[in-house]
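Please treat every number below as a calculation from the coordinates, not as lab data. Please read these numbers as outputs of a predicted model, since none were measured by experiment. For neighbour counting, all protein chains shown are included, and Cβ atoms are generated from backbone atoms with ideal geometry for every residue, glycine included.
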Amino acid sequence: KVSPPSQFTIVKGALDSEGPVLKRNYGDEEVSIYVMRLSHSDDEQDGAIHQLFIHVDVSKPDQKESLNFLCGLYEDALGIHSVSMRPKLQ
């Protein structure tokens, strides 16, 4: 079992909902990390997860938009698929 860096807070029950899994403050920025699990519809019976995506949201309290990173999680790497500015997630 691997734990996240101590600066992050694990959000209880987050993997069962759409909320963030990890959160932390860095200066005046709030960093939230979400995990999106995708399985192929034909294989839902076996419960296997075939793709994992990491969505990182970086926001500041006085801004209406936040910086978003959409990343793919692979067996041996983490790839950044896109970087964008979007309205803050609530």
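Taking other Cβ atoms within 10 Å as a rough exposure proxy, H81, H55 sort from fewest to most as H81, H55. Stretching Y74 away from N25 to a fully extended chain increases their span by 15.0 nm, per 0.36 nm per residue minus the current alpha-carbon distance. The gain in end-to-end length when the R37 to K64 segment is fully stretched comes to 7.0 nm, 0.36 nm per residue minus the alpha carbon separation.
Ordering L38, L52 by the number of other Cβ atoms within 10 Å of each residue's own Cβ, fewest first, gives L38, L52. Sorting Y74, Y34 by the number of Cβ atoms found within 10 Å of their own Cβ, with the fewest placed first, yields Y74, Y34.
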